[in-house]
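The values are calculated or read from the model by the stated rules, or taken from the named source; none is laboratory data. What you see is a predicted model, and the numbers here were worked out from it, not measured in a lab. Quick reminder, even Gly has a Cβ in these numbers, built from the backbone with ideal geometry, and neighbours come from all protein chains shown.
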Number of protein chains: 2
Amino acid sequence: MEAGHHEAAWRLPESNPRADFDLSHWIRLATVAEAAKFDSLFLADGPALTGSGEFRPPGQLEPFTLLTALSQHTSRIGLIATVSSTYNEPYNLARRLASVDHVSGGRAGWNVVTSAGADEAANFGLDDRPDHAARYARADEFLTIAKALWDSWEHDAVLADKESGRYADPNRLHAVDHVGDHFKVAGPLNVERPPQGHPLLVQAGSSEDGKNFAARHAEAIFTAHQTYERAADFYRDIKTRTAAAGRHPDSVVVLPGIVPFIGSTEAEANDLARQFDDLRVPEYGLSQLAWNLEVEPSVFDLNAPLPDLILQRPKLQGSQSRSDLIIDMAVREHLTVGEILSRLGGGRGHFTFVGTPEQATDTVISWFEGGAADGFNVMAPALPSQLEVFVEHVLPILRGKGLFREDYSGATLREHYGLAVPPNQFRATS
Amino acid sequence: MEAGHHEAAWRLPESNPRADFDLSHWIRLATVAEAAKFDSLFLADGPALTGSGEFRPPGQLEPFTLLTALSQHTSRIGLIATVSSTYNEPYNLARRLASVDHVSGGRAGWNVVTSAGADEAANFGLDDRPDHAARYARADEFLTIAKALWDSWEHDAVLADKESGRYADPNRLHAVDHVGDHFKVAGPLNVERPPQGHPLLVQAGSSEDGKNFAARHAEAIFTAHQTYERAADFYRDIKTRTAAAGRHPDSVVVLPGIVPFIGSTEAEANDLARQFDDLRVPEYGLSQLAWNLEVEPSVFDLNAPLPDLILQRPKLQGSQSRSDLIIDMAVREHLTVGEILSRLGGGRGHFTFVGTPEQATDTVISWFEGGAADGFNVMAPALPSQLEVFVEHVLPILRGKGLFREDYSGATLREHYGLAVPPNQFRATS
């Protein structure tokens with residue numbers, strides 16, 4: 001889907017509709033983003049076809065394979081991929097993440113998701129996904145194991161003493177011996193501790209379970225909000241929960257998504273947004289809305305508000321935060337289904353901004369200074385074209401105000417975010 | 001372990017003992033091998049620490065992460081990694097393999113292993129590995145699913161019709177809907193069909209189960225034999241089984257391993273082999289022998305033959321072909337345990353050659369022309385140094401006889417091996 005975050009981006013004249021499987025497209029994106037000194041590239045993902053494929057590219061390269069390839073064409077930018085804790089094994093995934101961190105020189109990040117879709121479950125032997133709480137309980141145990149595996153080699157475990165023939169000190173290679181509700185894992189990992197200690201841990205769900213999980217584990221949070229108020233509420237909430245979990249509030253950075261439609265005037269920006277909107281196929285948007293809200297597309301009427309059956313039922317077992325966001329937005333703004341589709345077309349619920357570079361700058365600064373964001377996840381509606389517009393016209397204004405780096409000061413993703421290497425749990429502090 | 005295939009390679013003066021996690025080491029190896037026009041790089045692997053680490057590097061980067069990185073520093077050489085069918089999910093692994101095939105331009109190969117070790121089982125929630133036949137039954141079902149997933153996008157499924165907004169033809173994206181003894185997988189895959197159709201399928205076990213599996217699925221076989229006679233027997237056997245499985249015998253290439261110690265004279269070659277042998281730590285070799293034969297190291301006496309308890313018991317549930325090979329070699333050549341360790345130190349049971357470049361050439365030609373090999377897996381005892389010796393001194397003689405390519409004639413791994421892209425099972429032939 002990476003002709004851009006807008007669902008119809010692939011239809012633009014300048015777009016490469018086969019971008020997903022064209023490595024040269026991705027190398028260009030990574031090069032543009034690194035030249036602009038962004039913290040990281042972030043790939044959303046799930047282990048199933050996205051929709052039917054009829055109206056939008058439904059697949060993409062497995063994210064860590066893609067990011068590993070891109071790591072060899074870049075030297076500084078962080079590389080964050082979404083991988084499911086529900087449909088992977090901790091030993092395998094911890095090993096892959098450690099390996100990506102090694103070959104990238106400490107630039108790997110993992111966006112932990114629990115996989116809300118029944119379509120995903122059906123690729124892994126299940127008739128339906130595990131329920132929401134069970135998925136997060138598994139994720140919590142998964143992270144506990146992964147951290148232990150990443151710590152299982154102390155930094156000085158390898159002696160490499162050619163003279164004596166002693167390679168490593170077995171006392172500094174630690175079994176994990178985890179036995180829990182979901183997993184039993186012996187360890188140690190067969191990969192040295194990653195350069196970052198632990199690859200950066202990212203989280204993106206905003207349900208109650210998701211926020212509690214984030215408070216315990218996340219170092220960066222990608223989050224979707226339609227308004228400053230909602231974003232600020234979330235920000236306060238997550239920092240409070242993080243402190244309650246015994247961690248410093250600064251040990252997690254909160255990064256709302258923003259989908260920027262930038263024009264040199266407001267009128268131009270509106271024209272640009274309309275150009276994208278006109279390319280939408282409503283049938284696609286309806287199928288996605290139906291997927292998110294777990295109903296059949298036939299319940300919707302484009303000219304009517306969301307039906308009562310959606311407004312009056314208990315919480316879903318799927319993607320709670322996204323369905324809650326859609327309903328909240330629809331009710332607050334009295335939107336018809338057709339208007340909802342238009343709003344979701346740009347960024348699936350992320351904050352859509354339409355305006356001039358100066359207005360964009362004012363908006364992100366107001367969120368940042370107003371306690372709603374530590375930074376942003378810039379989701380350009382078309383890639384690379386609209387990312388290049390953002391880099392060329394918005395970043396210089398932020399740089400002029402000292403709010404965006406002129407160059408990288410660190411080499412690792414943790415350093416870009418100002419986050420420390422975690423201590424090794426198996427290492428006695430002296 | 002990739003300072004070399006000899007277990008003590010890391011102790012050589014020229015070796016980088018931290019080679020496993022040093023990407024520059026691997027880039028150099030890949031560059032040397034590609035400049036020499038080898039078919040492929042092959043990485044052995046397993047999801048557990050290899051031994052205690054005390055006397056030999058016990059870990060390595062996850063192989064597909066490493067090969068993906070190397071794919072960006074090479075353009076022709078094939079990239080084959082070992083991955084377990086016992087401790088992975090078909091959807092995830094099929095997707096990763098397809099993705100590596102995409103980013104490498106059709107150079108990915110998968111060496112399917114079933115994971116013989118109890119230490120591996122303990123990293124995946126099991127008290128012991130599943131038994132030998134059950135592992136192969138799972139592998140067979142796994143391959144059936146993976147092939148269907150790779151075929152799930154027809155080559156012309158993507159329309160990318162910007163004008164109409166139709167991206168793909170859903171009738172050319174196929175559900176798999178597999179329901180079997182071990183797996184239930186819906187599909188389709190969320191990755192386009194790989195450039196090779198299916199990544200190249202490799203197999204390396206020589207047990208009865210392993211050979212029957214290879215006859216059904218393998219396109220290349222890595223195999224270990226101590227003598228020409230054993231290799232020729234295996235070659236005839238596997239080609240016969242392949243034909244019996246309804247496949248052309250040429251649709252699988254048989255590639256025995258060879259560990260070459262090359263000197264400009266026999267005496268120099270013997271000195272070189274002795275230099276490696278002198279660096280062995282017997283304690284390490286004993287622990288590996290004990291692991292392979294599934295006994296405690298204390299049952300061995302370095303100066304005595306293998307104890308009767310090993311010679312007189314039924315087949316193991318672990319690595320049958322390797323334990324059978326060791327016992328066969330020990331009995332045939334009346335070896336003491338100490339002598340066995342020396343023989344296994346170079347290549348864990350693979351054929352060890354000690355001699356001049358001319359003798360090496362004569363040997364590989366006699367195996368090739370005598371119906372024991374379609375090619376070889378060159379396992380240099382030290383890397384890259386002994387690979388460079390092989391490239392510089394042995395390959396030119398083979399080239400002079402027209403038995404080694406001057407340059408690549410194809411772009412994909414299948415083309416290097418002379419193997420066709422498999423037809424798509426979902427495509428009606430016209």
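Among the residues of segment A:189-216, the ones that are closer than 30 Å to A:D169 by Cβ and not in a loop (DSSP other than H, G, I, E, B) come to 2 in all. Mind checking which residues of segment A:255-274 are touching a residue at least 60 places away in the same chain (Cβ under 8 Å) and out of contact with any Ser or Thr (no Cβ under 9 Å at 6 or more places or on another chain)? Passing the criteria: A:N270, A:L272. Scan segment A:112-120 and give yes if some residue there is away from every other protein chain (no Cβ under 13 Å) and not in a loop (DSSP other than H, G, I, E, B), otherwise no. Checked against the condition, which is being away from every other protein chain (no Cβ under 13 Å) and not in a loop (DSSP other than H, G, I, E, B), segment A:112-120 yields at least one hit. Give all pairs with beta carbons closer than 6 Å in which a residue from segment B:41-68 that is closer than 16 Å to B:D119 by Cβ meets a residue that is of a type in the set (V, I, T); count only pairs at least 6 apart in sequence or on separate chains. Correct list of pairs: B:A44/B:T82; B:D45/B:T82; B:P58/B:T50; B:G59/A:V191.
If I filter segment B:373-396 for residues that are in contact with a strand residue (DSSP E or B) (Cβ under 8 Å, 6 or more places away or on another chain) and at pLDDT below 95, do I get at least one hit? Scanning segment B:373-396 turns up no residue that is in contact with a strand residue (DSSP E or B) (Cβ under 8 Å, 6 or more places away or on another chain) and at pLDDT below 95.
Residues that are farther than 19 Å from A:E229 by Cα and crowded, with 20+ Cβ neighbours inside 10 Å within segment A:349-360 comprise A:G355, A:P357, listed in sequence order. Scanning segment B:145-200 for residues that are out of contact with any Gly (no Cβ under 8 Å at 6 or more places or on another chain), farther than 17 Å from B:G106 by Cβ and of a type in the set (G, A, S) turns up B:A160, B:S164, B:G165, B:G180, B:A186, B:G187. Only one entry in A:S75, A:S71, A:S104 is closer than 23 Å to A:H198 by Cβ, at pLDDT 95 or above and surrounded by fewer than 19 Cβ atoms within 10 Å (Cβ to Cβ), namely A:S75.
Considered as a group, the residues in segment A:27-43 that are over 14 Å from A:P384 (Cβ atoms) and not charged (D, E, K, R) include one that is nearest to the other protein chains (Cβ to nearest Cβ), and that residue is A:L43.
The residues of segment A:300-354 that are out of contact with any helix residue (DSSP H, G or I) (no Cβ under 9 Å at 6 or more places or on another chain) and at positive phi amount to a single one, A:H334. Scanning segment A:64-83 for residues being more than 8 Å from every other protein chain (Cβ to nearest Cβ) and within 19 Å of A:T412 (Cα to Cα) gives a total of 11.
Within the bounds of segment A:10-20, is there any residue that is in a loop (DSSP other than H, G, I, E, B), surrounded by 24 or more Cβ atoms within 10 Å (Cβ to Cβ) and more than 9 Å from chain B (Cβ to nearest Cβ)? No, that holds for no residue.
Of the residues making up segment A:142-166, those that are more than 13 Å from chain B (Cβ to nearest Cβ) and either in contact (Cβ under 8 Å) with a residue 40 or more places away in the chain or farther than 19 Å from A:V112 by Cβ (or both) number 3. For B:A160, only one of the following conditions fails: (1) modelled with pLDDT of 95 or more; (2) touching a Leu at 6+ places or on another chain (Cβ under 9 Å); (3) small (G, A, S). What is its number? Exception for B:A160: condition (2). Checking each residue in segment B:385-417 for being touching a residue at least 12 places away in the same chain (Cβ under 8 Å) and part of a loop (DSSP other than H, G, I, E, B) picks out B:V394, B:K401, B:L403, B:F404, B:R405, B:E406, B:D407, B:Y408, B:A411, B:T412.
Taking (1) more than 9 Å from every other protein chain (Cβ to nearest Cβ); (2) part of a loop (DSSP other than H, G, I, E, B) in turn, A:S24 satisfies each apart from (2). Go through the residues of segment A:88-98 one by one and say whether even a single one is within 12 Å of chain B (Cβ to nearest Cβ), in contact (Cβ under 8 Å) with a residue 24 or more places away in the chain, outside any helix (DSSP H, G or I) and crowded, with 24+ Cβ neighbours inside 10 Å. No, segment A:88-98 has no match at all. Taken over segment A:243-274, the criterion of being over 15 Å from A:Q386 (Cα atoms) and part of a loop (DSSP other than H, G, I, E, B) is satisfied by A:A245, A:G246, A:R247, A:H248, A:V252, A:T265. If you filter segment A:289-324 down to residues that are in a helix (DSSP H, G or I) and among the aliphatic types (A, V, I, L, M), you find that the one that is nearest to A:A133 (Cα to Cα) is A:L293. Answer yes if at least one residue in segment B:43-56 is within 17 Å of the chain's Cα centre (by Cα), farther than 21 Å from B:R135 by Cα and β-branched (V, I, T), and no otherwise. For segment B:43-56, residues within 17 Å of the chain's Cα centre (by Cα), farther than 21 Å from B:R135 by Cα and β-branched (V, I, T): absent. Looking across segment B:377-421 at every residue that is surrounded by 13 or more Cβ atoms within 10 Å (Cβ to Cβ) and among the hydroxyl-bearing types (S, T, Y), the one that is nearest to B:H25 (Cα to Cα) is identified as B:S385.
Taking segment A:345-364 as the range and being assigned to a loop (DSSP other than H, G, I, E, B) and of a type in the set (S, T, N, Q) as the test, only A:T356 passes. Mind checking which residues of segment B:168-188 are more than 16 Å from A:E120 (Cα to Cα) and assigned to a strand (DSSP E or B)? Listed by number, the residues that qualify are B:A168, B:L173.
So that you can scan it fast, the table gives a plain yes or no per residue for (1) over 29 Å from B:I326 (Cβ atoms); (2) modelled with pLDDT of 95 or more; (3) within 13 Å of another protein chain (Cβ to nearest Cβ):
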| residue | (1), (2), (3) |
| --- | --- |
| B:D140 | no, yes, no |
| B:A168 | yes, yes, yes |
| B:L173 | yes, yes, yes |
| B:H178 | yes, yes, yes |
| B:P188 | yes, yes, yes |
| B:P194 | yes, yes, yes |
| B:E208 | no, no, no |
| B:A214 | no, yes, no |
